[in-house]
Amino acid sequence: MLKGKGRFHVDGDEFGVAEGSVIRVDPAGARCITADSRSSLRYVCIQTEAQSLVQFTEGDGVILETKPSWLK
């Protein structure tokens, strides 16, 4: 959620969402979202087919020999 407040409903569960919320929903999940009566919502929706990224795992990462400034 980029901006606003509201309610999210997925597969029978309902919960509040607000700026900073991140929600992962299975593609088969029944979902619905609504804005709070005093707010509008701005959000990003990224979709992919279920099981379409099975070839990528945590082993894909390559440990660098150089370190970023925050790890020195």
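Throughout, read-outs are computed from the coordinates displayed, never taken from laboratory work. Because the structure is a prediction, the values reported are computed rather than measured. Note: ideal-geometry Cβ built from the backbone for every residue, glycine included; neighbour counts use all protein chains shown.
Annotations for the structure displayed:
- Considering residues of segment 10-29 that are among the hydrophobic types (A, V, I, L, M, F, W, C) and surrounded by 10 or more Cβ atoms within 10 Å (Cβ to Cβ) only, the residue farthest from A50 (Cα to Cα): A18
- Matching option when the condition is closer than 30 Å to G6 by Cβ and in contact (Cβ under 8 Å) with a residue 24 or more places away in the chain, among S21, S39: S39
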